[in-house]
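Just so it is clear, none of the values below were taken in a lab; they were calculated from the coordinates. The model shown is predicted, which means the values in this text are computed figures rather than measured ones. Cβ atoms come from the backbone with ideal geometry, glycine included; neighbour counts cover every protein chain shown.
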Amino acid sequence: MSRWVLLLAMVVLGEAVAAPTPAPIRAEIDALLTRLESSGCRFNRNGTWYPAIEAKAHLLKKLAYIERRGTLVSTEQFVETAASKSSTSGKPYLVQCAGADAVQSQAWLSGQLRSLRSGQ
């Protein structure tokens, strides 16, 4: 009997942990990825450059993976855990915009997030 109670508790807790990302945070993440997509910048992942539209698709897959396993508590957490480096190699992602030097995606996305929040 106690095994069933333990199993039920684990299922309930698992469901609680895998709650969807709160709507305001998800909206901010979506806006951030839309900015990336429309930026015209390139995105480097594991040594290969991709168009921003492919970067957005990749980061949305990583977001879905995270959401299946837990809840994001901030957009910054998404940037740090999903959009800053490869979960396979650990190499940082890079963003390069027209004529500028490549920068780490964490810095670029954090700057864009500040811009979003300030209404720019």
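Kirkwood Rh over alpha-carbon pairs of the chain, then Stokes-Einstein at 37 °C and 0.692 mPa s: what D in µm² s⁻¹, rounded to an integer?
Values: Rh = 15.5 Å.
Using the Kirkwood radius from Cα pairs, D works out to 212 µm²/s.
Under 5 Å between amide H atoms, partner at least 5 residues away or on a different chain: which partners does residue 85 have, H built in plane at 1.01 Å?
Residues meeting the amide H criterion: 93.
Fewest Cβ neighbours within 10 Å first, please rank 28, 76 accordingly. It would help to have the intermediate numbers written out before the result.
On the way: 28 19, 76 15.
Going from sparsest to densest Cβ surroundings: 76, 28.
Grab the Cα-Cα distance for residue 115 and residue 81, subtract it from 0.36 nm times how many residues apart they are, and report the gain in nm with one decimal. Before the final figure, lay out each step's value.
Working: separation 34, 0.36 × 34 = 12.24 nm, distance 2.04 nm.
Residue separation times 0.36 nm, minus the Cα-Cα distance, leaves 10.2 nm.
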